[in-house]
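The values are calculated or read from the model by the stated rules, or taken from the named source; none is laboratory data. What you see is a predicted model; the values in this text were computed from it and never measured. Cβ: placed from backbone, ideal geometry, glycine included. Neighbour counts: every protein chain shown. When the accessible area is computed, the model is the full protein with side chains, heavy atoms only, and any ligands, DNA or RNA have been set aside. Shrake-Rupley method; radii C 1.70, N 1.55, O 1.52, S 1.80 Å.
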Amino acid sequence: MKTVQFVRLALGWVVATTCVASLAQVVVPASASFQLNGASLDLGGSSLISAGNFAIGAGQVFDAATISILPGGTVDGGSGAITLFGDWSNLGIFSAASGTVNFVDGPVALSNIVGSSTFQNANFSSAAGKTYSFASGSTQSVGGLLTILGTSSQGIQFKSSTAGQFASINLQPAGSQTIDFVGVSNVHAIGQHLAPTKTNDGGSGDDIGWFGNNGGGGTGGSGAIAAPIGSPLALLLLGLGLIGLAFRFGASAKTQSF
């Protein structure tokens, strides 16, 4: 197993080995910091572990197996991008800035999301029905664009790591969403309502805040759909309600007449 460690010298930065294609992991030690600036770091299917300070700037990290931010470590997303196919573990500090994290298909069918993170843009895309397991009790927040896309034949799956306990997704008020073909099991949307016009594609339910579900869980979103004030549906419901009240009032008046 080969490990790359970023080491700070008086004249700048050096990498302990240049055999990037065969690396098992890239490590930023607790005593070090590294700035990618506008460069690209191709991990070649290896992992990035930050116990120190790793800053992407306007660069990008791609083909990562796992991203691990250890206690005391930081990753600054800058305006760049991180693309990984494996696990995301944030036990330190992730600063999203204006960057994007792309969770994509790869040689693993299940990726674990550990710890709570705030992303600016988060993209979960799968053509293979991949499962993302979120640590129960954790919250993943998105301030910009949240993308969750499976396919019509295989929905991407979101689930809690512990059956009967939920994890949370928080799309913040200023955020936007592009979501289709997703199955949800024990994951609640606690910010913006997610995929309000879609259905639960293969999940087991407990999907509060998703689909048409405003209250209790249930596959496909079994809760009532809120109609925006002033919409044709809201006006129709109001009219039907008034007709019902008029009918009840008329029936009551007839009953009490002499």
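If you go through region 78-87 and keep only what is open to solvent by less than 10 Å² (accessible area, probe 1.4 Å) and in contact with a Phe, Trp or Tyr (Cβ under 7 Å, 6 or more places away or on another chain), you end up with just L84. Taken over region 171-198, the residue count meeting the criterion of being of a type in the set (S, T, N, Q) and crowded, with 20+ Cβ neighbours inside 10 Å is 2. Sort out which residues of region 160-169 are modelled with pLDDT of 95 or more and either over 14 Å from Y132 (Cβ atoms) or open to solvent by 70 Å² or more (accessible area, probe 1.4 Å) (or both), and write them in order of number. Residues satisfying the conditions are T162, Q165, F166. Please determine whether any residue of region 105-124 is closer than 23 Å to G52 by Cα, charged (D, E, K, R) and either modelled with pLDDT of 95 or more or open to solvent by 60 Å² or more (accessible area, probe 1.4 Å) (or both). No, every residue in region 105-124 fails to be closer than 23 Å to G52 by Cα, charged (D, E, K, R) and either modelled with pLDDT of 95 or more or open to solvent by 60 Å² or more (accessible area, probe 1.4 Å) (or both). Provide a single number: the residues in region 162-180 that are in a loop (DSSP other than H, G, I, E, B) and either under 24 Å from A127 (Cβ atoms) or aromatic (F, W, Y) (or both). The qualifying residues number 1.
Count of region 30-68 residues, restricted to those that are assigned to a loop (DSSP other than H, G, I, E, B) and open to solvent by less than 60 Å² (accessible area, probe 1.4 Å), is 14. Take G72 and decide whether it is under 19 Å from S141 (Cβ atoms) and touching a residue at least 40 places away in the same chain (Cβ under 8 Å). In short, no.
Checking each residue in region 10-29 for being part of a strand (DSSP E or B), crowded, with 16+ Cβ neighbours inside 10 Å and modelled with pLDDT under 95 picks out Q25, V26. Given the criteria assigned to a loop (DSSP other than H, G, I, E, B), surrounded by fewer than 18 Cβ atoms within 10 Å (Cβ to Cβ) and within 17 Å of the chain's Cα centre (by Cα), does A97 qualify? Taking the combined requirement at face value, the residue satisfies it.
Scanning region 107-163 for residues that are among the charged types (D, E, K, R) and within 12 Å of the chain's Cα centre (by Cα) yields one hit, K159.
Scanning region 131-159 for residues that are part of a loop (DSSP other than H, G, I, E, B) and surrounded by fewer than 22 Cβ atoms within 10 Å (Cβ to Cβ) returns A135, S136, G137, S138, G143, G144, T151, S152, S153, Q154.
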